[in-house]
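Peer 1: Pasting a structure below so you can have a look.
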Amino acid sequence: MPRVVLLGTLDTKGTEYAFLRDVLAGAGVDVTVVHAGVFAASGISPDIDHQEVARRAGADVQQLASAGDRGAAVAAMAEGAATLVAELHAAGRLDGILGLGGTGGTALATRAMRELPVGVPKLMVSTVASGDTRQYVGALDIAMMYSVVDIAGVNKISRRILANAAGAMAGMVTIGAASGVGSGSGSGAESADRPLVGATMFGVTTPCVQAARRHLEDLGYEVLVFHATGTGGDSMEALARAGMLAGVLDITTTELADELVGGVFPAGPGRLGGAGAAGIPQVVSVGALDMVNFGPPDTVPDRFSGRTFYQHNPSVTLMRTTVEECAELGRRLAERVGAVESPVTVFLPLRGVSLIDTEGQPFHDPAADAALFDAIRSGLPDRVRLVESDTDINDEAFAVQMAQALHEAIAAGGHTRNAAGRGTEKGASA
């Protein structure tokens with residue numbers, strides 16, 4: 001029987017959680033109800049009470065309640081819930097997790113959900129699910145369902161929403177058990193003998209990533225491609241840190257440009273650090289560092305008037321990075337890569353870093369590219385291998401060369417520094 005944890009503040013949402021529990025039980029799901037509020041549960045008897053949750057955070061629930069500091073109470077109970085949920089999953093008592101709440105309940109439940117591996121079903125019914133949910137979802141596969149009405153009783157609208165949520169969770173854990181995927185290591189039997197590699201891609205680096213992926217798949221790898229939209233890069237970094245990847249093919253590092261200039265797709269400060277934290281090899285290039293991303297043209301800040309733009313599609317406006325910005329991007333990339341202890345190779349395509357940066361294309365700017373490359377050359381420590389190719393990033397031979405370099409580093413063990421030092425190598429030519 002699949003096992004679902006219902007996690008929430010039963011002092012204010014007990015009736016709603018009782019409804020979820022009954023619907024799930026009727027669908028043949030074993031339910032564990034966890035109370036993470038600081039006051040006594042109402043309308044339902046939890047299987048795991050709030051004292052147990054608080055204890056795992058080193059706190060006392062009575063003291064949290066009497067202090068009257070809601071923010072501190074939510075933070076403490078969230079940490080305790082995260083520890084408890086991880087324990088339940090490790091013990092085989094959690095195949096999926098479902099929560100509901102407003103801002104506080106959402107922050108609490110999703111904090112615990114982020115403690116679980118990718119692949120474990122995670123569903124949050126929330127009053128804030130129709131807005132920017134990045135702070136709740138992070139880099140994991142948390143599904144957010146908008147509650148439409150406030151979670152304040154079971155009524156004509158909320159009854160259907162909550163029933164849909166319970167049905168979705170029952171379906172996820174049931175299909176997982178039936179298909180043999182299980183409770184969420186993130187990889188099924190089909191991947192057991194195929195090492196996982198993470199790769200980053202943008203529309204303007206797609207030919208490169210596709211060619212590299214084909215080469216790695218021919219070598220026996222399974223390639224996970226991440227869209228470099230900020231959350232995509234962060235997701236890859238999270239999987240690397242979790243030990244799920246054998247190596248990283250970071251072809252598209254464009255998120256650094258949005259972080260620097262103020263575009264809409266910045267990644268977090270951990271970008272380019274996941275492979276090093278996990279001790280796995282990585283190959284890094286400069287894909288799409290010629291651009292900063294914005295939404296439709298009328299959303300571009302006025303301070304950028306006069307810059308070079310390209311309309312990628314009705315929803316995405318690209319802005320060319322300048323010489324000065326490219327120099328700083330090169331410095332930052334070299335600094336982050338240089339801090340990595342595991343094997344890393346940096347590849348530079350000297351004739352263009354994207355489809356629209358080659359000769360004759362709207363973002364072709366040899367001076368800006370040269371500033372990027374020079375900053376990387378001067379900023380990398382000698383122990384980092386640097387390969388330069390007189391071609392553009394989407395040249396097939398260049399893509400295969402990067403994939404082969406990653407394969408060789410993985411095959412060599414991938415947990416020691418490059419012994420040969422840097423130097424500068426010449427790569428494939430167009």
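The values are calculated or read from the model by the stated rules, or taken from the named source; none is laboratory data. Keep in mind it's a predicted model, so treat the numbers as computed, not measured. Here the Cβ is made from the backbone with ideal geometry for all residues, glycine too, and neighbour counts use every protein chain on show. Ligands, DNA and RNA are excluded from the accessible area calculation, which covers all protein heavy atoms including side chains. Shrake-Rupley method; radii C 1.70, N 1.55, O 1.52, S 1.80 Å.
Peer 1: Can you compute the modelled spin-label distance between ALA370 and VAL149, with each label point 7 Å from Cα toward Cβ, in nm?
Peer 2: 6.7
Peer 1: Of the peptides 219-225, 147-153, how do they stack up when ordered by the mean number of other Cβ atoms within 10 Å, highest first?
Peer 2: In decreasing order of mean packing, 219-225, 147-153 become 219-225, 147-153.
Peer 1: Would you mind telling me the antiparallel percentage of the DSSP bridges in the chain, rounded to 5?
Peer 2: The antiparallel proportion sits near 15 percent.
Peer 1: Mind ranking ASP365, ASP357, ASP374 by accessible surface for me, highest first, 1.4 Å probe? Show your work: numbers first, answer last.
Peer 2: Values: ASP365 45, ASP357 0, ASP374 85 Å².
Putting ASP365, ASP357, ASP374 in descending order of accessible area: ASP374, ASP365, ASP357.
Peer 1: Rounded, prolate or oblate for the range 1-157? Axes are the square roots of the Cα gyration tensor eigenvalues, ordered a ≥ b ≥ c, and the cut-off for rounded is a/c under 1.5.
Peer 2: Cα axes put the range 1-157 in the rounded bin.
Peer 1: Per residue, how large is the accessible surface of the chain? Use a 1.4 angstrom probe and give square angstrom.
Peer 2: On a per-residue basis, the chain sits at 40 Å².
Peer 1: Moving on to the next point. Just order 295-301, 108-114 by mean Cβ neighbour count inside 10 Å, highest at the front, would you?
Peer 2: 108-114, 295-301
Peer 1: Mind ranking 166-176, 83-93 by how tightly packed they are, going by the mean number of other C-beta atoms within 10 angstrom, highest first? It would help to have the intermediate numbers written out before the result.
Peer 2: Working: 166-176: 19.7, 83-93: 16.4.
Highest-to-lowest ranking by the protection proxy: 166-176, 83-93.
Peer 1: Shifting gears a bit: Determine the shape class of the range 201-334: with a ≥ b ≥ c the square roots of the Cα gyration tensor eigenvalues, call it rounded for a/c under 1.5, and otherwise prolate if a/b is greater than b/c, oblate otherwise.
Peer 2: On the way: a/c = 2.19, a/b = 1.73, b/c = 1.27.
Because a/c hits 1.5 or more and a/b exceeds b/c, the range 201-334 counts as prolate.
Peer 1: Note down the nm distance, to one decimal, between modelled labels 7 Å out along Cα→Cβ at THR103 and at ARG383.
Peer 2: Here the answer is 4.6 nm between the modelled labels.
Peer 1: Now, a different point. Which residue, GLY198, GLY104, GLY273, tops the fluctuation ranking in a GNM of the chain built on C-alpha contacts under 10 Å?
Peer 2: Between GLY198, GLY104, GLY273, it is GLY104 that shows the largest mean-square fluctuation.
Peer 1: Which order do HIS227, HIS312 take when ranked by solvent-accessible area (1.4 Å probe, heavy atoms of all protein chains), largest first?
Peer 2: HIS227, HIS312
Peer 1: Based on Cβ point charges of +1 for Lys and Arg and -1 for Asp and Glu, what charge dipole magnitude is obtained for the range 348-392 about its Cα centre, in debye rounded to the nearest 20?
Peer 2: Computed charge dipole of the range 348-392: roughly 260 debye.
Peer 1: Let me ask another. Shape call for the range 59-139 from the C-alpha gyration tensor, a ≥ b ≥ c root eigenvalues: rounded (a/c under 1.5), prolate (a/b greater than b/c) or oblate?
Peer 2: Cα axes put the range 59-139 in the oblate bin.
Peer 1: Another one. Sticking with the crude label model, points 7 Å out along Cα→Cβ, report the distance from ALA277 to ASP47 in nm, one decimal please.
Peer 2: 3.1
Peer 1: Residue separation times 0.36 nm, minus the C-alpha to C-alpha distance between VAL264 and ARG194: what's the value?
Peer 2: Once the chain is fully extended between VAL264 and ARG194, it gains 21.7 nm.
Peer 1: Suppose R0 equals 41 Å; then what is the FRET efficiency for GLU408 and ARG55 from their Cβ-Cβ distance, rounded to the nearest 0.05?
Peer 2: Here the calculated transfer efficiency is 0.25.
Peer 1: Using helices alone, what [θ] at 222 nm do you get for the chain, with -39,500 (n - 2.57) per DSSP H run of 4 or more residues, divided over all residues and rounded to the nearest 500?
Peer 2: -12500 deg cm²/dmol
Peer 1: For ASP390 and LYS156, FRET efficiency with R0 = 60 Å and r from the beta-carbon atoms, rounded to 0.05? Display every interim value, and only then the final one.
Peer 2: On the way: r = 68 Å, r/R0 = 1.13.
Taking R0 as 60 Å, the efficiency between LYS156 and ASP390 is 0.35.
Peer 1: Between THR15 and ILE175, take the C-beta separation as r, use R0 = 41 Å, and let me know the FRET efficiency to the nearest 0.05.
Peer 2: Step by step, r from the Cβ atoms, then E = 0.90.
Peer 1: GLU87 to ASP30: extension gain in nm, 0.36 nm per residue of separation minus the Cα-Cα distance?
Peer 2: 18.8 nm
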